[in-house]
Amino acid sequence: MDNNNNNNENNIVLSTKNLNKTFKMGGKIVEAVKDINIDFEDSTLISIVGKSGSGKSTLLNLLGSLERPDSGEIIFEDKNIVKLSDKKLIDYRRKDVGFVFQFFNLIPNLTAIENVTLPMEFVKLNKEERIKRAKELLRKVDIEEDRFSHTPLKLSGGQQQRVAIARALANDPKIILADEPTGNIDSETGELIVKLLHKLSEEGKTVIIVTHDASITKLSDKTYYIYDGKVIKKDNCLGKVKSKL
Amino acid sequence: MPTISRGIKNIFRNKIRNIAVILVLALCLSLALMMINMDFSLDNITKSVKRKIGTRFDVTTNYEYIEELAKKEGERIYDNPELFLIDESLADEISKIDSIERVSKIMHGEFKSEKLKSFEAEMRQKQGGDYVVAVEEKVIGEEGEEIDYSKMFYVMGIEDADMIKQFQEGDINLVEGNLFKRTDIEQNVALIEKNFAERNRLKLDSEFIINNEKIKVCGIYEFKKIEQPEEFGGYWGEETIYIPFKTAQRLLNRRGREGVNVDMKGKADMLTVKVDSLDNVQKTINYINNTLSDGRIKASQEWTKYAQILYSTKSIKKISTISMISAFAAGVLIILSIMFINTRQRAKDIGILKAIGASNINISSQFLIESISLCVLALILSSIIILAVNKPLSDFIIGQTLGRYGYGEMWFPEGIETEKEKGAGYELETAEMSPGFVELINLKIIFSPQILIYAILITFLLAAIGSLIPAYYISKLRPAEVLRFG
C-alpha cells in the first residue's frame, strides 16, 4: 500500500514488495510476514510497532538479510537483495546495514573499542583507521574515553547499547536496523537512545526501529503498525490498532 | 591478525577447562609422537637387519638330518667328525650356478696353548678362580680330561675376509696391517684381535704357535665393544684368530673314531655363498637343498638367527602402532568435544558476527586459530612430557615385549641378582645375541627432525579436525534464531 502512496521515489532507500515469510512451528505453518509493502525513505526514523509475535522482528531480519523471504522483493539501491548470492548478502550486511539489538549483543570478551572495530575488520580497514574511527564513534555516542577498554560486563545497559550503536555505525551504513533498542534498559536511558537514533536519522541514516513501545513513535517520522504479520499505516489505522496492541 | 588475536583470546574465556584440555591433549600428543618415533627406530632396526641378511647365505651341516640319523644308527655317529664336514667339491658345484657371485670356504676349530694368555685367563687372574664365561658345566674332552677353556683359543680359517659376517657388519675393524687375500690361502699368517695382541705382546710380524707351526701376525683388528657389567670384565669382545683357509685345513686336524686324526684336506666346515640379487637368494637356497644336497648339508640364510629379532620388532611395532592410533583418536575426540562445547556455548557470538558482516570463513578461521592454539600449547607441553617419559616408556614396552617372549630368561646368566625382575633382563648379557637384538635392547629414541615435522603435522591435523564441527555449525546457524533472546 505504501508503494502506491509514495510521493518522492528518489528518497527511497529500501522498499519491500509483497514480502512473505512463513515458519514451521510444531508442525504448523505460521505466517510471520504477510504481503508487506513498505518504502523506507532516506534520513528518516521509522518505527514498526507491534506486540510480541506480530512479525515485526521477522520483518527486520528480512530487511537485514538475516532471513530470506518465501516470496516478495526487498529492493535496496535498485537491487532485489532477495536474489543476491550469500556472498553479496554478506557484503550488504557489512556495508549497507547496521544492527542494534535489544540485548546489545556485544562480544563479551572484547572491549568496547574492539567491539566497534570488529565490523571494520571485515571490510579490511587498516588498524590505525579502525581505531581512529572507533574512537570517533564511541565519542559520538557519548562513551567516556576511560570506558573504551572496558569489556561489556563492566558497562551499564545504556553504555552497552550505545557501544552497540557505535558498532552499527562502524562501516557507515545507510540503514540502521534496531530491534527493541530500549527493551532492556530503563525508560530514561531508553529515551536517550531513541534521541541518539533520531539524531542519526537527521544526519542522513535511515533508522528502522522495531518496538512494542508506542512511546518511541513520538520521535518517529513514520510509524507502521504490524499485526499478525500484516502492516496497517499509522495515519489511517492508529486508533483501531492501538486498541488491539 | 585480529582473527588470530581473537582466536587466542578465546582460550582464556574458560581457563580451567582449557588447561585441562591442553593437559589431556598433551598426553595424547606425547604418546602418539613417542610411538611414531619408536616406529621409526624399529623400522631402522628392521632395515639394518634385512640389509645385514642381504644376499649372503650359508651352507652348513644339516643337524636335523644328523639327529634323524642318530636315532636310526645310534649316538656313535657323533664320533665321526667327517659327518659334519662339507666336501670342497660342493663349493665348486655351487659356483657353477648362474646366480652365484662368490663361494667362500670356512673352517673353524680350537687349539690349546700354554704360552698364550686368553681373556678368560686374564679375568681369572684378576678375579680369582671364580670367573666363568657363560659356561656353567665342566667340559670333558674326548679322553675324559676336563677341558680348561682358559687355555683354548678359537681359530677360523677363511678365504675372503670380506665374506665374513663380522667384517661385513662392521663388528670388526682392521687397525693395523692387512686382511689376507685368496693368494695367501696357504700361508702361515693371522689376523688377531687388539686386546689379544696387547695381552700377549704381539705386534705386526710377531709370531706365535698354533699346533706346532709358527704363525705370523699380518693384521690386527678391533672388535666392536659391547658393554658388560664389571663382574664380566666390563666389556665383551670376540678374540677369534683368523687364518687362511688352507692353513686352517692343515692345522686344525680333528680326532675321529679311536683317536684317529681326520684329514681335513678337501673339507670345509661351512660355505658362505653370495648371490647376485635378493630375488635369487631363496631360489638358489632351494636349488642347493633340493638338487645338490643329499640331505646332510643344508643351505639357509641367517634369517632364522634374525627371525626372533624381527618377530620382536614386529610385536613392539604392533604395540606402538596401536598406542599411536589410540592416542591420536583420543586426541581427536578431545579436540572435537571441546570445540563442540565451545561452538554451542558461543552460538550467540556466531550470530552476532554473522549479523555484522562476518563470513563463514571469517568465523571458522577464528575457531581454527583457537583450535590451533590449544593444540600448539599441548604440543609444547608434550615436548616436556616426552623428554621426561620417552626413555622409561620405550624401555618398558621393549622390556615387556622381550620379556613376554622369554628373552629375559634366555639371556640372563644365573646367579646374578640384577634386572631380571624388571621383566626382560636385557641390559646385561648380550654375548649370545644377534646384532639386531643388541641394537634393539640399546634402542635410543632420539627425536629427529622428521619427528618434528610429524609433530607439527599431527598438531595441525588435530586442530583442523577440531575446527570441523565449528565450521559445520557456523554454516548451518541462522543468526536470527540465536539473536532474538538475551
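The values are calculated or read from the model by the stated rules, or taken from the named source; none is laboratory data. No experiment lies behind these values; they were computed from the predicted model shown. Ideal geometry is used to build each Cβ from the backbone, glycine not excepted, and the neighbour counts take in all protein chains shown. Heads up: the accessible areas ignore ligands, DNA and RNA and are worked out on the full protein's heavy atoms, side chains in. Shrake-Rupley method; radii C 1.70, N 1.55, O 1.52, S 1.80 Å.
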Checklist outcome for this item: Here the residues within region A:183-195 that are away from every other protein chain (no Cβ under 14 Å) and within 17 Å of the chain's Cα centre (by Cα) are A:GLY190, A:GLU191, A:LEU192, A:ILE193, A:VAL194, A:LYS195
Next on the checklist: From the list B:GLU68, B:GLU88, B:GLU82, B:GLU75, exactly one residue is open to solvent by less than 30 Å² (accessible area, probe 1.4 Å), over 19 Å from B:GLN301 (Cα atoms) and out of contact with any Lys or Arg (no Cβ under 6 Å at 6 or more places or on another chain). Which is it?
Outcome noted: B:GLU88
Checklist entry - What residue, among those in region B:1-12 that are open to solvent by 40 Å² or more (accessible area, probe 1.4 Å) and without any contact (Cβ under 8 Å) to a residue 12 or more places away in the chain, is nearest to the other protein chains (Cβ to nearest Cβ)? => result B:LYS9
Checklist outcome for this item: B:TYR149 fails exactly one of (1) out of contact with any Leu (no Cβ under 9 Å at 6 or more places or on another chain); (2) among the aromatic types (Phe, Trp, Tyr); (3) modelled with pLDDT of 80 or more, namely (3)
Next on the checklist: Can you tell me which of (1) without any contact (Cβ under 8 Å) to a residue 40 or more places away in the chain; (2) under 19 Å from the mean Cα position of the chain (by Cα) is the one A:ASN126 doesn't meet?
Outcome noted: (2)
Item to check | Candidate set: region B:337-360, residues that are open to solvent by 40 Å² or more (accessible area, probe 1.4 Å) and within 14 Å of chain A (Cβ to nearest Cβ); chosen: the one farthest from B:ALA464 (Cα to Cα) | outcome: B:LYS348
Next on the checklist: Please verify whether B:LEU310 is assigned to a helix (DSSP H, G or I) and over 29 Å from B:TYR63 (Cα atoms), treating the condition exactly as stated.
Outcome noted: no
Next on the checklist: Tell me yes or no: at least one residue of region B:379-398 is modelled with pLDDT of 75 or more and within 30 Å of A:VAL97 (Cα to Cα).
Outcome noted: no
Checklist entry - Is it true that some residue in region A:168-180 is more than 14 Å from chain B (Cβ to nearest Cβ), touching a residue at least 24 places away in the same chain (Cβ under 8 Å) and among the aliphatic types (A, V, I, L, M)? => result no
Checklist outcome for this item: Of B:LEU23, B:LEU29, B:LEU33, B:LEU42, the only residue that is open to solvent by 70 Å² or more (accessible area, probe 1.4 Å) and either under 30 Å from B:CYS375 (Cβ atoms) or of a type in the set (Val, Ile, Thr) (or both) is B:LEU23
Checklist entry - Of B:ILE334, B:ILE363, which residue is crowded, with 18+ Cβ neighbours inside 10 Å, modelled with pLDDT of 90 or more and among the β-branched types (Val, Ile, Thr)? => result B:ILE334
Next on the checklist: Tell me yes or no: at least one residue of region A:156-165 is among the charged types (D, E, K, R), more than 14 Å from every other protein chain (Cβ to nearest Cβ), in a helix (DSSP H, G or I) and touching a Leu at 6+ places or on another chain (Cβ under 8 Å).
Outcome noted: yes
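Here's the yes/no breakdown for (1) assigned to a helix (DSSP H, G or I); (2) of a type in the set (Gly, Ala, Ser); (3) more than 21 Å from the chain's Cα centre (by Cα); (4) over 30 Å from B:ARG344 (Cα atoms):
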residue	(1), (2), (3), (4)
B:VAL24	yes, no, yes, no
B:CYS28	yes, no, yes, no
B:SER41	yes, yes, no, yes
B:GLU68	yes, no, yes, yes
Next on the checklist: I'd like the full set of residues that are within 16 Å of A:ARG162 (Cβ to Cβ), within 9 Å of chain B (Cβ to nearest Cβ) and open to solvent by 10 Å² or more (accessible area, probe 1.4 Å), limited to region A:108-133.
Outcome noted: A:GLU114, A:THR117
